[in-house]
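Visitor: Dumping the structure here so I can ask a few things about it.
The values are calculated or read from the model by the stated rules, or taken from the named source; none is laboratory data. Keep in mind it's a predicted model, so treat the numbers as computed, not measured. Positions of Cβ are backbone-derived with ideal geometry, glycine not excepted, and every protein chain shown enters the neighbour counts.
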Amino acid sequence: MSSHLGLAPRRQPQQQRGRRRVDGLLSAAACVIAEQGYEAATMCAIASRADSAIGSLYQFFPNKESVVDALRARYAKELEKLWASLAAEARRLKVEDLVSRLIQSQVNFAERHAAFLALFDAPPSVNTWRRRQIIRGRIARVILKRNARLPRNEAFRIASVVQQILKGLLTLYARADRAEKSVLVSEFKSVLTGYLIPKLKT
């Protein structure tokens, strides 16, 4: 319980001005973590990047772990929207096109949010498992939209495998140079296509 409380923001801003301050602090944290990595990032560096007093940062976040958890929550919400959008199109896409859209959307997301990959090095929080389950449910929805005949439990099993494949891609992608990134994307598209074609036949 104490660990969970340590992740909760000290204050939830009620006014637009306060929400903008928190957004600014989280954007600064994302920049610092992307540039320095999770371990090297400090609360002082985050406050400095946000051009804010350290007290203002602590006013909202008790520690670095709570900042990271807030960033993860932000990213999870955006990823949920990506999966919802893909589910709306899944029925009319060929499996190869679905896989291409699926992988490219994750890679594009990682490119837009540099701290997203850096946070792979951060330890999981008490909220990590719950967020992964939510994303797994969104992936299962895409699977069921593509093949409504699948039993629900099988769709969730497939979603778990897809989730792990994507995690593997992004883990390697984070450490690869630009040329290698392109190769990895191509390789993982082949892997995921080979896995999903027999699963999603309608």
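Visitor: Read through the list (1) touching a residue at least 60 places away in the same chain (Cβ under 8 Å); (2) buried (at least 19 other Cβ atoms within 10 Å of the Cβ), then give the number of the only condition that Ala114 fails.
Guide: (2)
Visitor: From (1) of a type outside the set (A, V, I, L, M, F, W, C); (2) at pLDDT below 95; (3) surrounded by 14 or more Cβ atoms within 10 Å (Cβ to Cβ), pick out the condition that doesn't hold for Ser100.
Guide: It is condition (2) that Ser100 fails.
Visitor: Still on this structure, please answer the following. Is at least one residue of region 131-144 assigned to a helix (DSSP H, G or I), in contact (Cβ under 8 Å) with a residue 24 or more places away in the chain, in contact with a Lys or Arg (Cβ under 7 Å, 6 or more places away or on another chain) and closer than 27 Å to Lys181 by Cα?
Guide: yes
Visitor: Using beta carbons and a limit of 7 Å, which pairs, at least six apart or on different chains, have the first residue in region 78-89 and more than 15 Å from Arg132 (Cα to Cα) and the second one among the small types (Gly, Ala, Ser) and surrounded by 13 or more Cβ atoms within 10 Å (Cβ to Cβ)?
Guide: Every condition considered, the pairs that remain are Leu86/Ser105.
Visitor: Report yes if Arg132 is surrounded by fewer than 19 Cβ atoms within 10 Å (Cβ to Cβ) and either under 30 Å from Ala40 (Cα atoms) or touching a helix residue (DSSP H, G or I) at 6+ places or on another chain (Cβ under 8 Å) (or both), otherwise no.
Guide: yes
Visitor: Also, I was wondering about something else. Would you mind stating whether Ser56 is at negative phi, without any contact (Cβ under 8 Å) to a residue 40 or more places away in the chain and assigned to a helix (DSSP H, G or I)?
Guide: yes
Visitor: So which residues in region 151-176 are over 19 Å from Ser105 (Cβ atoms) and at pLDDT below 95?
Guide: Within region 151-176, Arg175 is the sole residue that qualifies.
Visitor: Out of Ala87, Ala110, which single residue is small (Gly, Ala, Ser) and over 30 Å from Leu57 (Cα atoms)?
Guide: Only one candidate passes the filter, namely Ala87.
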